[in-house]
Structures are given as structure tokens and as C-alpha cells.
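Colleague: Handing you a structure now.
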Amino acid sequence: MRICADVGGSFVDIAMVDADASIHHRAKFPTPTRDWAGFVNIFRRFQSTHAAAMAPDDAICIAIAGLPEPENGRIISANIECIHGRALAQDMSAELGRPVFVINDADAFVLGEARLGAAKGHRRVMGIILGTGVGGGIIADGKVLTGSHGIGGEWGHGQVIFPSPKAPAASPLFQCGCGRTGCLDTIGSARGLERLHHFLHGTTATSKEITLGFAAGEALPSATVDYFTDIVAGILSVMLNTFPATIVPVGGGLSNSAELISAIDRKVRMGMLDAPASPILATTMLGGDAGLLGAYFAAE
Ligand SMILES: [Zn+2]
């Protein structure tokens, strides 16, 4: 058994996870983003409540909305202030008396899908998240690829939006949360899809309304999705020509639209130099459990 947690900017999802990937004693708490003692206490209380179910040396494995620096374990987190700059694994281990392992949440997603889900059996995987933001993780030869500052597979940032003939006026060079302009994140996320829809048509709609409208063949949502899929698939096909993953599991809220994922998939394969005959994008099999289950493997 391991104590696994998926820690986001809003909630801490915590449970005991078995070697056979079964989940027990699952609980959810608001994330105390500015309160370190409160943050540690979620784990301390969970330990004492379920002490009978765990061995003294069972590890704590945390998938975090942040980037752990591989050299010293310090976390860069924009959303959770109380862990930003902390050597999270060491500090929590000192507080809780157990081994603690920390992994970036997008890396946990791709690891979970590679071990148990849509990418099982694949050695080269590019997992992508199209949700609150655009994120991703890469598995090369069965291992998560992490670079300096824990950055690997972060294809959502850096300017990628340039003038397009499909835009009615100037290209939509939106400001990104990372401080840059024209990042994929500003268009490829759920809010980005809504922003793009408003930019193109001057009307507001939720990402769900847009994807449902597209699936139903409505004109405005279809035009938005056509532009959206050009941008997302164009960049993804470059990624796949650079790193030849054999499967791309997709998570995040937008992955709930099978029509959207298959539209991206068709354009991605058109841009690949060595395109497979069958879809390369695969909807997450682990869904909302991917972070928890992927965290389990951080201890290996
Ligand atoms: Zn950015």
C-alpha cells in the first residue's frame, strides 16, 4: 500500500493505493494554498485515521500542480504558495516520518496511463492535458523525461501563435499566465477555446457548448474548432516528428469530447512524417484517477 495524493490548486485528493491499483479510503479536501501546517495536517490526519490499514514504512506519493527540481527537490508552483520553493519531499518526510515522493501532475498522468491505462505497453508516450491549462509529459524508454527545473513535455508555453489566414483580423495574440504572449496555453485550454470563439465571432459560449455545437455540425462552433484544431494539431505533429511517441493519451476537460479529440487526431496524423494508419490520440482510460494512480509509481 502507498498513500497517494493528487494535489491541485483547488483540492487535495488523497487515498491508499494497492499494488493492483485499487483505491481505498479516498477523501478530498480544499487545498490550503497558503498554510503549510494545514497542508501537512491533511496528511497527518489521514495517517492517523487509517493507521490500521498501513505499514510504518508505506510511502507517501504526491502528484503536484508544480514542477519539482530534480537536483534538490524544490518545487516551483504558481498556485500553491505554501509549497513554492520548498524541498517538499524532504520537508514532508521530516514532518510525517515516512518516505515521501513527489512528481509533477502531468507526469503522473502520463505515467499512470502508460502503466495502467490507454498507453499500456508503449515505450514512447507523449501524454497531453487539454483542460484548465495545456500541459504534458513524456515517457521515453519507459521512463518519465524530466529536465532542469522538472520541465519536460511542457508544450503549452512559448510563442506559437502567428498570423493565420483563417483569423478575421489580426492573429489572436493573447497574454499568457506565464508572462509570455501567444502561448498554446492561451488557445488550447478550455478557457482558450472560449477566448478563441469570442475572438472569432464576438459571442460568448462555454467550452462545452462549443464542443457540443461542433459535434452537432453548427456553423460558428465548427469554425472555432477548425481553427483550434489547426493550432493544437499543428504543434502536436511537430512534437511527434521530434519525439516519435507511438501513442498520445489525452486528459483534461476537453478530452470529454470524443469528436474534438478525433478531429485533432486526424490533423495531427496529416502533419506527421511517419503517420500511423489508426488514431494516435487516445482518450484517458484512468480519467479522474490518473493523478492518484500515476503518483503511486513516483516511488519507483
Ligand atoms: Zn505561457
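Colleague: Please go through segment 41-72 and give me each residue that is under 13 Å from VAL12 (Cα atoms) and surrounded by 17 or more Cβ atoms within 10 Å (Cβ to Cβ), ordered by number.
Modeller: Correct list: ILE42, PHE43, PHE46, CYS61, ILE62, ALA63, ILE64, ALA65.
Colleague: Taking segment 137-154, which residues are buried (at least 24 other Cβ atoms within 10 Å of the Cβ) and either within 16 Å of the ligand (Cβ to nearest atom) or more than 19 Å from VAL102 (Cα to Cα) (or both)?
Modeller: Selection gives GLY153 alone.
Colleague: Here's something else I'd like to know. One residue is enough: does segment 268-275 have a residue meeting the conditions surrounded by fewer than 20 Cβ atoms within 10 Å (Cβ to Cβ), modelled with pLDDT under 95, assigned by TED's automatic domain parsing to the domain that holds ILE210 and of a type outside the set (Lys, Arg)?
Modeller: Within segment 268-275, one or more residues are surrounded by fewer than 20 Cβ atoms within 10 Å (Cβ to Cβ), modelled with pLDDT under 95, assigned by TED's automatic domain parsing to the domain that holds ILE210 and of a type outside the set (Lys, Arg).
Colleague: What is the one condition in (1) of a type in the set (A, V, I, L, M, F, W, C); (2) under 16 Å from ASP6 (Cα atoms); (3) within 14 Å of the chain's Cα centre (by Cα) that ILE138 does not satisfy?
Modeller: If we test ILE138 against (1) of a type in the set (A, V, I, L, M, F, W, C); (2) under 16 Å from ASP6 (Cα atoms); (3) within 14 Å of the chain's Cα centre (by Cα), just (2) comes out false.
Colleague: Which one is modelled with the lowest pLDDT, of the residues in segment 215-267 that are assigned to a loop (DSSP other than H, G, I, E, B) and buried (at least 20 other Cβ atoms within 10 Å of the Cβ)?
Modeller: Here the answer is GLY252.
Colleague: Considering only segment 192-203, I want to know if a residue exists there that is within 15 Å of the ligand (Cβ to nearest atom) and assigned by TED's automatic domain parsing to the domain that holds ILE247.
Modeller: First, pick out the residues of segment 192-203 that are within 15 Å of the ligand (Cβ to nearest atom): 192, 195.
Now restrict to residues that are assigned by TED's automatic domain parsing to the domain that holds ILE247: 192, 195.
Yes, segment 192-203 contains at least one residue that is within 15 Å of the ligand (Cβ to nearest atom) and assigned by TED's automatic domain parsing to the domain that holds ILE247.
Colleague: Within the set of pairs 6 or more residues apart or between chains, which connect a residue that is more than 14 Å from ILE129 (Cβ to Cβ) inside segment 235-254 to a residue that is in a helix (DSSP H, G or I) and at pLDDT 95 or above with Cβ atoms less than 7 Å apart?
Modeller: Sorted first by the residue in segment 235-254, then by its partner, the pairs are SER237/VAL268; SER237/GLY271; LEU240/VAL268.
Colleague: In segment 19-49, what residues are in contact (Cβ under 8 Å) with a residue 40 or more places away in the chain, of a type outside the set (D, E, K, R) and assigned to a loop (DSSP other than H, G, I, E, B)?
Modeller: Within segment 19-49, ALA21, THR31, PRO32, THR33 meet the criteria.
Colleague: A follow-up question, please. Scan (1) in contact with a Lys or Arg (Cβ under 9 Å, 6 or more places away or on another chain); (2) within 26 Å of ASP13 (Cβ to Cβ); (3) not assigned by TED's automatic domain parsing to the domain that holds ILE76 for the single condition ASP141 breaks and write down its number.
Modeller: Unmet condition: (2).
Colleague: Give just the number: which of (1) in contact (Cβ under 8 Å) with a residue 12 or more places away in the chain; (2) in contact with a Lys or Arg (Cβ under 7 Å, 6 or more places away or on another chain); (3) surrounded by fewer than 18 Cβ atoms within 10 Å (Cβ to Cβ) does GLY85 not satisfy?
Modeller: GLY85 satisfies every listed condition except (1).
Colleague: Might you let me know whether segment 233-250 holds any residue that is within 15 Å of MET126 (Cα to Cα) and among the aromatic types (Phe, Trp, Tyr)?
Modeller: Checked against the condition, which is being within 15 Å of MET126 (Cα to Cα) and among the aromatic types (Phe, Trp, Tyr), segment 233-250 yields at least one hit.
Colleague: A follow-up question, please. Anything in segment 50-82 that is farther than 30 Å from LEU145 by Cα, touching a residue at least 12 places away in the same chain (Cβ under 8 Å) and assigned to a helix (DSSP H, G or I)? List them, or say none.
Modeller: Across segment 50-82, the qualifying residue is only ALA53.
The values are calculated or read from the model by the stated rules, or taken from the named source; none is laboratory data. Values in this document were obtained by computation on a predicted structure and should not be read as measured data. Glycine also receives a Cβ, built like all others from the backbone with ideal geometry; neighbour counts cover every protein chain displayed.
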